[in-house]
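Structure record follows, encoded as structure tokens.
The values are calculated or read from the model by the stated rules, or taken from the named source; none is laboratory data. This structure is a prediction, so every number in the text was calculated from the model and none was measured. Heads up, the Cβs are rebuilt from the backbone with ideal geometry, glycines too, and the neighbour counts pull from every protein chain shown. Calculation scope for accessible area: heavy atoms of the full protein, side chains included, ligands and nucleic acids excluded. Shrake-Rupley method; radii C 1.70, N 1.55, O 1.52, S 1.80 Å.
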Amino acid sequence: MDLDGLYRIIPVTASRSLALAGCQSIQQAIPEEYALASFVMRALEARNGRELEFILKAYLPVHLIRLGPRGQCVLIDMLGLFSAEIVEVGETAVEGLSRALSEIDSTSLNVAPLDSISHALAAVRAAEVVSVPGLISGASANDLARLIGWPKQSDLELGAIVLPSIINREDLSKYERMILQTFDRVQRLRREMAKILPGLEPMLRASEDGLAALAPTVARLDDRISRLENELERLTSRLQSITSSKLTSPQLAATEAEVRSQIDLRTTALMKDRERRERLIEDQRRSRESFSIHLEGMKTEYLQTQEFIDSLWSQYESLSVDCGCFESDSPAVLLVPLVIAGFSKRGVLEVTVYPPSVMDDQGVKTSRRKEFADPFVPLSQTMTLLASLIEKRIDSDITLRKLVRDSSATSNLLSDSTARRMLEEGARLLRADGLLRDSSADHLRALMSSVPERPSKATTHGAMLVTDESVCSVEVRVTDASGEPIAGARVGVGGLITKTDEHGGTQLRLPRSRYELAVNADGYRERRVEFELRSSGDVVIPVVLEQLTREDRLSLALEDLSKRADRIDTIRKKLLGIFQSQGDTILRVPAYRGTLEELLTELGYEPEAWLAEASRKRGMIGRLLKGEDRRDGMRRDILRIAEESKSSGGVMLLSDVLRRLDRLGWSANTTEVESILAEMTREGLIRGVSIMEDGTTSVNFVPVSLTDDPQLVLDLAAKRKGSLTIEDVVLELGWTESRVKNALQLLIEKGVAKEQRSFSKSTTYWFPGLRGRD
């Protein structure tokens, strides 16, 4: 990682807490020579038959992403030891919610704003989950951030090394931009969400206003209906008086017609007003019902989205740590100090990493049996984990191991003239504190005298840096034999493992060196590719994976089942002896109960439910530990029979399979075996079960490509107990001799049939898979 232009935070290697008046405490730096001498003595005591070859001072770069003026940061370790997932919220989600809220001022029972808010809320939850290598969260992030408050060094020591970054500048910028943008968008979403429920009040008032606005219209209609009903009653009464009169005249007839006309008009008007009133009320009822349904839907979306955003905020709070205020506005990097001890045993390099430590105030001292009392402990569990992860990475990563080995030739503190004087001074201080006896100090001097001394020399920034110029960009493209990309293929280089994307590609950043690439994917053979990076140019490595054959899958399935059976047998045997002496009380011993849960999980049970039932029913545990899982055992033996069937062309009568299983002690029934065979067929391990022409059931373990002719010959062979001659086929099927020979030849080539020549009689063809064994 290039440190130019970066504000470097370089904590001391070790510190102690110093109590002040008023119950306050500060961190006090431990002199570097004191700490280094302690780590070297610790390494000497840990040799255990190994040779202590070198001591290196190293730094792990941790990039700091500042979240704002309040001193909050997100940490990314550039070696990719940690990893975390974040949810990337897009800008469109925030804009959509703001736009939906702006439409909330409605003056009627309009469901459009509700639907708009619902869609916007659903869009927020559709955010993409992104895995960020090196991203540190939770307690680990807080522990590392504590180093920012430690006493600091002004610069790196001469000869110290900075561990190389596997995250390139472009990716780091992309991750930083994504984290900052998403953090801002989540904050804005929280503010927008706070406006939604209060914003619904105008809509609820609008629905009430709609009812209030409707009330005068209904009242006027009720008044008109009442008047029309009164007029109709009066006109009907007048008509009755006219029709009941015994007088007749043209004028009376005209009056009657006029009254009838007025009655018809009033009746029509009354019907229309009543219909209009009912329609208005029904429309209002439907509008309110629709509004309520959409409102409930929107509330559900709101609650789900609120829960989603709350979880997002909790996630970002676990990423965010307090970094205090920096003296510079430049991008910042925390350089975590480490001491690496290199041991050699029979030429094999083993390393131990000592993380930032604090002084243990337990009053430890040397004694007759204790020549060195180690005064330091790791700062936290995270530092112990960090040291372990770096050790594993050095052990598995060829490039990093080579860097450490090469650095030991130029930066070994045991041979550096300045570092030697520091170690001698540190040993003197440890003796003065009663932590180191003279005999151990002599061991330290003897160790340094065995290593040739070299003068100190300065390098850039006082440290060895692996620069971007020495790192190559490698793209691995994984396809099958037809050229189709394979997504999710695992690509490994040393300890670095990545997966291919939907296009079958993945990117790696590697220093110049020789490598072996291991690529594997489900359903394909593993492929290993050796390559060498000699320049810093981009490299594309195409890898074609060969698909596993059915026989390969059959063998793998058998191997997995055998391993699983062995694992189950081991757990059973371990628990059975304990059960025979302690009985059901093993449920009350956490260690035994945990092992029992492991066994239940292997057998496919739900542990909690099974154990709850076992606590009520005596004998369940005994039956479980004394028995074998029947289906797994039978499946394992059927796979072995399938392997053996290759010698007979991969075809076998079902009755023969049942007899073989009986000999193995299963006493299997046809239904049980057919169920297992159907399961294996669905998994693609065998071709399947078929019914021959005579009704005989055969099991096709190995797929054989048969045309109609060989299949008919196979059916005839089944009728004749697994053997026939050319004449038999000619007479039975009415074929020509040439046609029969062609079909038999194909069956011989596929291994289904065997030929037995005879000079005294006709050649016999027999079918091993169709000849039942007694």
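To the nearest 0.05, what FRET efficiency results for Ser244 and Arg285 with a Förster distance of 56 Å applied to their C-beta separation? Intermediate results must be reported in sequence, preceding the final value.
Values: r = 46 Å, r/R0 = 0.81.
Step by step, r from the Cβ atoms, then E = 0.80.
Residues in the stretch 43-62 near a label at Ser344, defined as backbone nitrogen under 13 Å from the 7 Å Cα→Cβ point?
So the set is 50-55.
Give the calculated FRET efficiency between Glu502 and Lys402 to the nearest 0.05, with a Förster radius of 51 Å applied to their Cβ-Cβ distance.
Working from the Cβ atoms, E equals 0.90.
Provide Arg401, Arg534 ordered by accessible surface of protein heavy atoms (probe 1.4 Å), highest first. Numbers along the way, then the final one.
Numbers: Arg401 75, Arg534 190 Å².
Result, largest first: Arg534, Arg401.
Using 0.36 nm per residue of separation minus the Cα-Cα distance, give me the extension gain between Thr697 and Thr736 in nm, one decimal.
On the way: separation 39, 0.36 × 39 = 14.04 nm, distance 2.84 nm.
Length gained, Thr697 through Thr736: 11.2 nm.
Mind giving me the nanometre distance, one decimal, between the label points for Thr300 and Arg227, set 7 Å out from Cα along Cα→Cβ?
Inter-label distance under the simple model: 4.9 nm.
Explain nothing, just the number: dipole magnitude of the stretch 472-548 about its Cα centre with +1 on each Lys and Arg Cβ and -1 on each Asp and Glu Cβ, in debye rounded to the nearest 20.
Values: 10 positive and 12 negative charges, 73 e Å.
I would put it at about 340 debye.
On the protein heavy atoms, probe 1.4 angstrom, tell me the percent of accessible surface of the stretch 346-441 carried by carbon and sulfur. Numbers along the way, then the final one.
On the way: 2240 of 4670 Å².
On the stretch 346-441, the fraction of accessible area on carbon and sulfur atoms equals 48 percent.
Within 10 Å, count the other beta carbons around each residue, average over each peptide in 653-663, 154-164, and list them highest first.
Values: 653-663: 17.5, 154-164: 20.0.
Ranked by mean Cβ neighbours within 10 Å, highest first: 154-164, 653-663.
Given labels modelled 7 Å from the Cα in the Cβ direction, how far is it in nm from Arg454 to Glu424?
Simple spin-label model gives 2.0 nm for this pair.
Multiply the residue separation of Leu252 and Glu91 by 0.36 nm, subtract the distance between their alpha-carbon atoms, and state the gained length in nm to one decimal.
Details: separation 161, 0.36 × 161 = 57.96 nm, distance 8.41 nm.
Here the answer is 49.5 nm.
Subtracting the Cα-Cα distance from 0.36 nm times the residue separation, let me have the gained length for Glu391 to Phe531 in nm, one decimal. Write down the numbers at each step before the final one.
Details: separation 140, 0.36 × 140 = 50.40 nm, distance 2.49 nm.
Between Glu391 and Phe531, full extension yields 47.9 nm more.
Give the peptides 72-79, 418-425 in descending order of average Cβ contacts within 10 Å, highest first.
Values: 72-79: 23.8, 418-425: 18.0.
Those peptides, ordered most packed to least, come out 72-79, 418-425.
How much area per residue is accessible in the stretch 146-186 when the probe is 1.4 Å and only protein heavy atoms are counted (Å²)?
Numbers: 1830 Å² over 41 residues.
Spelled out: the 1.4 Å probe surface of the stretch 146-186, per residue, equals 45 Å².
Could you calculate the FRET efficiency of Glu45 with Asp322 from 1/(1 + (r/R0)^6), where r is the beta carbon distance between them and R0 is 35 Å, rounded to 0.05?
The calculated FRET efficiency here is 0.40.
Got a number for the accessible area of Thr549? Probe 1.4 Å, square angstrom, nearest 10.
The value for Thr549 is about 60 Å².
What does the net charge come to around Gly426 if you take all other residues with beta carbon closer than 9 Å to its beta carbon, with K and R at +1 and D and E at -1?
Details: positive: Arg428; negative: Glu32, Glu33, Glu424, Glu425.
Value of the local net charge: -3.
Assigning unit charges at the beta carbon (Lys, Arg +1; Asp, Glu -1) and nothing else, what dipole magnitude in debye, to the nearest 20, does the stretch 279-353 show about its Cα centre? Before the final figure, lay out the partial values.
Details: 7 positive and 12 negative charges, 76 e Å.
Once rounded to the nearest 20, the dipole reads 360 debye.
Extending each Cα 7 Å along its Cβ direction at Thr570 and Lys721, get the distance between those two points in nm, one decimal.
It works out to 4.9 nm between the two label points.
Please report the accessible area of His119 (heavy atoms, 1.4 Å probe, ligands and nucleic acids excluded) in Å², nearest 10.
My reading of the accessible area for His119 is about 130 Å².
Might you report the magnitude of the Cβ-based charge dipole of the stretch 708-766 about its Cα centre, with Lys and Arg at +1 and Asp and Glu at -1, to the nearest 20 debye? Before the final figure, lay out each step's value.
On the way: 9 positive and 9 negative charges, 55 e Å.
The dipole magnitude comes to about 260 debye.
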